[in-house]
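See structure below.
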Amino acid sequence: MLQQAFNGLVGGAFYALLALGLSVIFGMLHVVNFAHGAFYMLGAFGSYVLLDSFGVSFWVALPLVPVVLGVVGVVLERLFIRRLTPLDPLYNFLFTFGLALILQDLVKRQYGVQSQPYPRPSALRGSLDLGLFTYPAYQVFVLALSLLVCGTVWVVLTRTRIGMIVRASTERPELTRALGIDVARWVTPVFGFGVALAGFAGVLAAPMRAVNPLMGADLIITVFAVVVIGGLGSVFGSVAAGFAVGLVSALGNYYVPSLSQTLVFILMAAVLLWRPAGLFGREEATI
Amino acid sequence: MILSKLAGRPFLLTAGLLVALGLPWFVYPPVAMDIVCWALFAAAVDLLLGFTGLLSFGHAAFWGGSAYVTGLIALHSGLPFPVAVLGGAVFSAVLAVPIGFLSVRLRGIYFAMVTLAFAQMVYFVANQWRDATGGENGLQGIPKELFGLDLSDPFFFYYAGLPFILAGLFAAWRIVRSPFGRVLMSIRDNPARARALGYSIDRYKLLAFVLSAGLSGLAGGVFTISHGFASLQGVYWTTSGQAVMMVVLGGIGTLWGGAIGAALIVELHDYLATAGFEETGIITGAIFILVVLLFRRGVWGTARDLIAARKNRDPAAPENSDTKVGAPV
């Protein structure tokens, strides 16, 4: 039971990392990035290719792959997404949907749909005795690291000048601009950062989940539900909802296994009924 | 101009009917059936996207949901296939009530995400409920029963299925032209004013959502009978995406544009499949991205604008801003 809860938190760590990236991007650009799952998948494939073809270890891939994907994100934002941001947000949603299809099928063409193996890094192969139960060391590492990353982003957003600018641009872009801050300059790095977070989650997922072209597609829709629960654009809400949904799904799976996949959507329906803007969202979601 | 308008309408209508009737003479009949089914599906999605301003990214739930129900009725009851198809359409409309009730309160991008999530829920249910849906195998061997007539030839089945599609398209057209449709457009253009005029906009949106779902179900039902099977693919999110893609390609808010988008994409898929190219997402995704970046009015919308510009010869004609999806074209 406790172990189930722990499983849930580890699963929730992935939801939280992805939801965090989605939320940051949405806050700044008002873009819902459908390709977020594809970038997560590319993160996992990136580390797989690095290890398989070049012998680059997990510890190098962990910072390298997100940085490379972040740069890809920056280029995409500069070339395409920027053109669509002044229009209805739906156009960027459609654009990133097309992008996700392309990325997913390109990888599929190269590697097929079967899962690729990725060994756990040797330092994290054993189990840890957590007092009440023993647990695979790698999972503990994932949970700790994602908590650390989410916490760091939180601190940067709330305690630093950069975070202040980003939050101000998110909430009142015109007013922030009027105060002499170049809001447009921050849009590209924020998008790149969000994409990098997705890639980071992908690298973390490679050793414990099946690395295949479809791994991001289904996950991202669940993450959409998570973000709706937490409140889109609310950074704290998305992260909290990520961990909470992971926990609730794992416990739900323990008691009612047949509900394991649908529970998150039932939660979403309940939240929509009670608070259409999400638990921590602002009212702009509704009319 | 009025004269040409009067002459233009029946001309287009007749041309459309002739194309629909003659399609299986030019196109491989099962593919022709696919095209008209997707055309109705696209029109149903456009009813929401183009005329109500709601992007549903979850219509696979209604297309695929109806496919299962149609298949189950046809498999187990022995009733003629029209009954099964109508049963599927009714199921989809009923399924749309709770989903729509929860979704229509959200606007724009939130609506898209929530409908997508609900459709994924339907997908997971279909995947898990193996006794009814056959899980990964789907439902196979669905009969084309119609009072003992032999419809196994796709050419003849096309003409048996076509009336349902045409009826659905006619319904969509009537909805758009009705006072109800006008209210939907006013909600799309200015929800605050529509509400101030006393319209309960959530109720209008919900009704539009249910009607659109019912039409999608009709299309999905005919599609299922035509193929003789129902599968998980029908309720998967790529199916929703494909319908939206057809609408955007044909032109948002044009209703008939979706048919052109459907024809293009179904033909493209057929061509790629024949060529042994399985990763169709690379091609369709690239085309879609180009359309979103460069031709946001789609084939039909662009053509209509060009014709209108020629007719008016008015350089000062207001250039429609497309900052809003489904803005009046």
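The values are calculated or read from the model by the stated rules, or taken from the named source; none is laboratory data. Predicted model, so just to flag it, every value in this text is computed and none were measured. As a convention, Cβ positions derive from the backbone with ideal geometry for all residues, glycine included, and neighbour counts pool all protein chains shown.
So the values come out like this:
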{"item": "Test: residue in region B:133-142 that is under 23 Å from the mean Cα position of the chain (by Cα), at the interface with chain A (Cβ under 9 Å from one of its Cβ atoms) and touching a residue at least 12 places away in the same chain (Cβ under 8 Å)", "result": "no"}
{"item": "Residue within region B:76-99 that is within 12 Å of another protein chain (Cβ to nearest Cβ) and surrounded by fewer than 22 Cβ atoms within 10 Å (Cβ to Cβ) present", "result": "yes"}
{"item": "Elements of type helices (runs of 4 or more DSSP H) contained in region B:164-258, each with 3 or more residues being among the hydrophobic types (A, V, I, L, M, F, W, C) and more than 14 Å from chain A (Cβ to nearest Cβ)", "result": "B:179-189, B:201-227"}
{"item": "Test: residue in region B:207-216 that is among the polar types (S, T, N, Q) and within 17 Å of B:Met33 (Cβ to Cβ)", "result": "yes"}
{"item": "Filtered residues of region B:143-158 (kept if assigned to a helix (DSSP H, G or I) and in contact (Cβ under 8 Å) with a residue 60 or more places away in the chain)", "result": "B:Pro154, B:Phe155, B:Phe157, B:Tyr158"}
{"item": "Selection status of A:Arg109, more than 9 Å from every other protein chain (Cβ to nearest Cβ) and assigned to a helix (DSSP H, G or I)", "result": "no"}
{"item": "Test for B:Leu55: is it closer than 13 Å to B:Ser212 by Cα and either outside any helix (DSSP H, G or I) or among the hydroxyl-bearing types (Ser, Thr, Tyr) (or both)", "result": "yes"}
{"item": "Odd one out for B:Ala273, checked against (1) among the aliphatic types (A, V, I, L, M); (2) surrounded by fewer than 24 Cβ atoms within 10 Å (Cβ to Cβ); (3) under 16 Å from the mean Cα position of the chain (by Cα); (4) within 30 Å of B:Gly134 (Cα to Cα)", "result": "(3)"}
{"item": "Residue that is farthest from A:Arg78 (Cα to Cα) [pool: residues in region A:15-52 that are within 14 Å of another protein chain (Cβ to nearest Cβ) and among the aromatic types (Phe, Trp, Tyr)]", "result": "A:Tyr15"}
{"item": "Number of the condition not met by B:Gly251 [criteria: (1) at positive phi; (2) without any contact (Cβ under 8 Å) to a residue 24 or more places away in the chain]", "result": "(2)"}
{"item": "Criterion: away from chain B (no Cβ under 14 Å) and at positive phi - qualifying residue of A:Gly12, A:Gly55", "result": "A:Gly55"}
{"item": "Hits in region B:18-30 (condition: in contact (Cβ under 8 Å) with a residue 40 or more places away in the chain, surrounded by fewer than 18 Cβ atoms within 10 Å (Cβ to Cβ) and either of a type in the set (Lys, Arg) or assigned to a helix (DSSP H, G or I) (or both))", "result": "B:Leu21, B:Pro30"}
{"item": "Which numbered condition B:Glu267 fails, given (1) crowded, with 22+ Cβ neighbours inside 10 Å; (2) more than 23 Å from A:Leu219 (Cα to Cα)", "result": "(1)"}
{"item": "Among the candidates A:Leu197, A:Leu204, residue that is over 19 Å from B:Gly100 (Cα atoms), buried (at least 16 other Cβ atoms within 10 Å of the Cβ), more than 10 Å from every other protein chain (Cβ to nearest Cβ) and touching a Gly at 6+ places or on another chain (Cβ under 7 Å)", "result": "A:Leu197"}
{"item": "Residue within region A:238-257 that is surrounded by fewer than 24 Cβ atoms within 10 Å (Cβ to Cβ), under 30 Å from A:Pro119 (Cα atoms) and free of Cβ contacts under 8 Å to residues at least 12 places away in the same chain present", "result": "yes"}
{"item": "Which numbered condition B:Tyr68 fails, given (1) within 28 Å of A:Leu272 (Cα to Cα); (2) surrounded by fewer than 22 Cβ atoms within 10 Å (Cβ to Cβ); (3) away from chain A (no Cβ under 12 Å); (4) touching a residue at least 40 places away in the same chain (Cβ under 8 Å)", "result": "(2)"}
{"item": "Lone unmet requirement of (1) touching a Ser or Thr at 6+ places or on another chain (Cβ under 8 Å); (2) surrounded by fewer than 24 Cβ atoms within 10 Å (Cβ to Cβ); (3) within 14 Å of another protein chain (Cβ to nearest Cβ) for A:Ala270", "result": "(1)"}
{"item": "Residue tally, condition touching a helix residue (DSSP H, G or I) at 6+ places or on another chain (Cβ under 9 Å) and either surrounded by 13 or more Cβ atoms within 10 Å (Cβ to Cβ) or at pLDDT 90 or above (or both), over region A:87-133", "result": "31"}
{"item": "Residues satisfying the stated conditions in region A:87-106, i.e. closer than 18 Å to A:Gly27 by Cα and more than 7 Å from chain B (Cβ to nearest Cβ)", "result": "A:Asn92, A:Thr96"}
